[in-house]
Every structure is written in C-alpha cells, then in structure tokens.
Amino acid sequence: MDIREKEEIISKVTTLLKEIPSSRDVVRKGKNEDRRYRYLARHMVEKAIEKDALIISENGMGIAILFKTSKKDNNIWKDLWQQLGLVVNVTGIKNAIGILKTQNYIKNQRPQEGEYLYCWFWGILKESRGAETQVGKEMKDEFFRISHDTGLTLYAETRGRTNAIVYQRVGFELFHEWDHPSGDTMYFLKYDPAKNKRPADAK
C-alpha cells in the first residue's frame, strides 16, 4: 500500500469515526477536534496494517478492521506509548479513566481463553450504505469467510439497535446487552462458524 492510498483510507476512517457514538465519546470536544479524529483514525489504520487486519471493499467505500486476537493481547504495557499518545492527542486526561473502565467492561464480555476474531471497526460511507447493498454484503461475506476459514468465533458490539437487528438478521447471535454509561444500550454479538452454514458467497 502506497502513502497516497493509506492517507485516503485514513481520511475515510476519519469521516466515519465522526458518526460513531463510541468514537464521539472518546474524542475530546473543542478546538482541534478534527485533528483529534484524524489522529485516532491514523492510529487505527496503522495498527490494522501492522496486524494484517484491514479489510476494504472493492469500491473502497467500505472499511473494516478485523483482528485475530486473544485476552493475552490486551496487555496494557504492550502499547503503552501509543496509549499515552491517544490520551494526549485524542481523549484528554479527564476522559481517559472513564474510557478505560468502559473498555475493560467491554473486553470482559469476550472470551477469556483462546483466540477469537474481533471486529474493531466497520464503516461504510453514506453513498454505499445499507445492509443489502453490494458493499455491505461483500464485507459481511468476507467476515464470514475469515471466520469459517479460521474456525474462530467473531465478536462485535454496537450501540445502534437497528445495527444489532441487521447483525442478527445475517447470522450473528445477541448474547449480552449493557446499559452503557452514555445512556445508550450496547449490544454484544457473536458469529459462531460451528453453528452457521458457510454462506455460498463467502468463498
């Protein structure tokens, strides 16, 4: 991936992050807010490239980050300097403690043993949006292909009730609901390849 392509992806992720409730919670409001969103987007894209976790639709309008991970990867010291950079450049110190508590609760809903897949980010730009659009279907099928190829359960969360319904419609199971500190309900979902037939298009 060349620099120009990477910067274009970062710009698209920046746009998408501004629409996502969890991102809006994390990014400190006020002066230089756009710059903070871009810093977060760059952090996410670079981490995804490093972990070979970046998924982009054919037309470039859909972007996802799908990690193969485990509880042992959640070592706070492992990415300490990156985390400090996020506190200084994105969240601000006041928000950091509350964000850490929320993230710990979310992580504790995922497997405590063994590997699994985790959808850290999934966004589709407005003009290509909708679960039944080609982009949505293409990306869903790619998620399921990876899940079936690895035999690993795929986990995701959303604070959108409509999104949760769409996830369930395509094969995810809702296994937990939580009253998020923001006042929203957070929905925890998983896709178990052992319980689902491999979709015909997920080859």
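The values are calculated or read from the model by the stated rules, or taken from the named source; none is laboratory data. This one's a predicted model, so the numbers in the text were calculated from it and none came from an experiment. Counting neighbours? That spans all protein chains shown, and the Cβs are built from the backbone with ideal geometry, glycine included. When the accessible area is computed, the model is the full protein with side chains, heavy atoms only, and any ligands, DNA or RNA have been set aside. Shrake-Rupley method; radii C 1.70, N 1.55, O 1.52, S 1.80 Å.
Summary of values
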read-out	value
Near pairs, Cβ below 6 angstrom, 6+ apart or cross-chain, from the stretch 138-154 (farther than 19 Å from residue 168 by Cβ and open to solvent by less than 40 Å² (accessible area, probe 1.4 Å)) to any residue that is outside any helix (DSSP H, G or I) and of a type in the set (Phe, Trp, Tyr)	152/116
Selection status of residue 191, in contact with a Gly (Cβ under 8 Å, 6 or more places away or on another chain), open to solvent by less than 40 Å² (accessible area, probe 1.4 Å) and among the aromatic types (Phe, Trp, Tyr)	yes
Options 164, 156; residue that is touching a Phe, Trp or Tyr at 6+ places or on another chain (Cβ under 8 Å) and under 24 Å from residue 58 (Cα atoms)	156
Residue in the stretch 101-119 that is farthest from residue 185 (Cα to Cα), counting only those that are of a type in the set (Ser, Thr, Tyr) and not in a helix (DSSP H, G or I)	116
Within the stretch 78-114, considering residues that are surrounded by fewer than 17 Cβ atoms within 10 Å (Cβ to Cβ) and among the charged types (D, E, K, R), the one modelled with the lowest pLDDT	78
Hits in the stretch 127-184 - residues which are in a strand (DSSP E or B), over 18 Å from the mean Cα position of the chain (by Cα) and over 21 Å from residue 21 (Cβ atoms)	none
Verdict on residue 122 being open to solvent by 40 Å² or more (accessible area, probe 1.4 Å), outside any helix (DSSP H, G or I) and either modelled with pLDDT of 75 or more or touching a helix residue (DSSP H, G or I) at 6+ places or on another chain (Cβ under 8 Å) (or both)	yes
Residue selected from the stretch 169-188 under the condition touching a strand residue (DSSP E or B) at 6+ places or on another chain (Cβ under 9 Å), open to solvent by 30 Å² or more (accessible area, probe 1.4 Å) and not aromatic (Phe, Trp, Tyr), by the criterion nearest to residue 24 (Cα to Cα)	185
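Residue by residue, here is whether (1) of a type in the set (A, V, I, L, M); (2) within 20 Å of the chain's Cα centre (by Cα); (3) open to solvent by less than 50 Å² (accessible area, probe 1.4 Å) holds:
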residue	(1), (2), (3)
1	yes, no, no
10	yes, yes, yes
13	yes, yes, yes
18	no, yes, no
23	no, yes, yes
30	no, no, yes
38	no, yes, no
